[in-house]
Amino acid sequence: MSMTQRAEPAVKTPPASGPRQADGRTAQRPLLVRTLARPEVGVLLGAAAVYVFFLIAAPPVRDGSSMATVLYQSSTIGIMTLPVALLMIGGEFDLSAGVAVITSALTASMISYQLTMNVWVGVVVALIVSLAMGFFNGWMVVKTGLPSFLVTLGSFLILQGVNLAVTKMVTGNVATDDISNMAGFDQARKVFASSFDIGGVQVKITVFYWLAFAALATWMLIRTKYGNWIFAVGGSKDSARAVGVPVTFTKISLFMLVGLGAWFIGMHQLFTFNTVQSGEGVGQELIYIAAAVIGGCLLTGGYGSAIGPVFGAFMFGMVNQGIVFAGWNPDWFKAFLGVMLLGAVLINLWVRQSATRR
């Protein structure tokens, strides 16, 4: 090479290329795929299918009063399903939720009647007891590291025995005394168990509470730091703790929210029927968990919504009352629920796999 010859540059400018191809890892997925990835989509379609089915199979469902009954049945399940679903998103279970409702109602009734006090005193004491039960479950899970399934199964058995034994010991019967003539009862009934006339149809106040609580839970999950904490501890509590998420506070508070829900439904039952059977509530926890699972909440935690369990509870209420309106044997109710649960799990699994498949 001559001294006057210029050397070629070490790095050449790359030739102009055509349109850049999007990286599959960063490309935005189509709107339909992103919609299917939402946890509530599968149950929304299922709820619509169940509703249409009973509109055809059970003509009385078309009546406004019948639909009000369906919504009422759904609301009593849905109000408890919401905190249970939040707890499941946080990676835990509470098998004591069903009997905790009865414990709360029994506490309010016996405190008011046996001590001859205003029923609002019993309501407040029941709230404290319910929150304490939730705190105990959460504290045991966090401090011992035991699975919440085992801890709350123990709480379930304890509460079931205490409900029956204490009621018999205090009242001499398996049910509490009628508190309808006590001071404060009428006011409490308006708060927890009243009805509203809408277009000539009586709609229970629990329906409005249910929708309001669902809106509040949705806002909390999507818009607040606490909602991020719930998803984080449900996905991986160790990773969440490493980035500063207060895991202990989050898990204990979720169990206390279940206690709060149990208190509310317990008060509704007490002021609707004036008395409480101590042996009730067994098996309801499975209904709440099933409604949450049908609503798109994963059993492994870290995934779900508050809207999905609303539709899940509606499906339960629709099937429960739809069978009655259709004149079928109500013994088939649990079989329908089992089919719904398995179907919803399979549909949710397929939807998630389809949405995440590249």
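So which of V233, V258, V276 is touching a strand residue (DSSP E or B) at 6+ places or on another chain (Cβ under 8 Å) and either farther than 28 Å from T167 by Cβ or hydrophobic (A, V, I, L, M, F, W, C) (or both)?
V276
If you check I102, I89, which single one turns out to be farther than 23 Å from F249 by Cα and surrounded by 24 or more Cβ atoms within 10 Å (Cβ to Cβ)? It would help to see each step written out before you state the result.
Numbers: I89 fails: farther than 23 Å from F249 by Cα.
Only one candidate qualifies: I102.
Being within 15 Å of the chain's Cα centre (by Cα) and crowded, with 24+ Cβ neighbours inside 10 Å is the filter here; which residues of the range 252-271 pass it?
Listed by number, the residues that qualify are L254, F255, V258, G259, G261, A262, W263, I265.
In the range 113-152, what residues are open to solvent by 10 Å² or more (accessible area, probe 1.4 Å) and under 15 Å from A183 (Cα atoms)?
Y113, Q114, L115, T116, M117, N118, W120, V121, V124
Is there a residue being open to solvent by less than 60 Å² (accessible area, probe 1.4 Å), part of a helix (DSSP H, G or I) and over 16 Å from T275 (Cα atoms) anywhere in the range 171-191?
We begin by selecting, within the range 171-191, every residue open to solvent by less than 60 Å² (accessible area, probe 1.4 Å); these are 171, 174-177, 179-180, 182, 184-185, 188, 191.
Remaining after also requiring part of a helix (DSSP H, G or I): 171, 185, 188, 191.
From what is left, the residues that are over 16 Å from T275 (Cα atoms) are 191.
Within the range 171-191, one or more residues are open to solvent by less than 60 Å² (accessible area, probe 1.4 Å), part of a helix (DSSP H, G or I) and over 16 Å from T275 (Cα atoms).
If only one of A335, A326 is surrounded by fewer than 18 Cβ atoms within 10 Å (Cβ to Cβ) and in contact with a helix residue (DSSP H, G or I) (Cβ under 8 Å, 6 or more places away or on another chain), which one is it?
A326
Quick one: which of F149, F156, F135 is in contact (Cβ under 8 Å) with a residue 40 or more places away in the chain, part of a helix (DSSP H, G or I) and out of contact with any helix residue (DSSP H, G or I) (no Cβ under 7 Å at 6 or more places or on another chain)?
Every option except F149 fails the conditions.
Just for helices (runs of 4 or more DSSP H) wholly inside the range 37-124: which have at least 3 residues that are of a type in the set (S, T, Y)?
Values: elements: 41-57, 64-89, 97-114.
By residue number, 64-89, 97-114.
Each row is one residue, and each column tells you yes or no for (1) at negative phi; (2) touching a Leu at 6+ places or on another chain (Cβ under 8 Å); (3) in contact (Cβ under 8 Å) with a residue 60 or more places away in the chain.
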position: V43; (1), (2), (3): yes, no, yes
position: A47; (1), (2), (3): yes, no, yes
position: V52; (1), (2), (3): yes, no, no
position: A58; (1), (2), (3): yes, no, yes
position: G64; (1), (2), (3): yes, no, yes
position: L95; (1), (2), (3): yes, yes, yes
position: Y113; (1), (2), (3): yes, no, yes
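The values are calculated or read from the model by the stated rules, or taken from the named source; none is laboratory data. This is a predicted model, so every value here is computed, not measured. Using ideal geometry, Cβ is built from the backbone for each residue, glycine included, and neighbour counts are taken over all protein chains shown. The accessibility values were calculated without ligands, DNA or RNA, using every heavy atom of the protein model including side chains. Shrake-Rupley method; radii C 1.70, N 1.55, O 1.52, S 1.80 Å.
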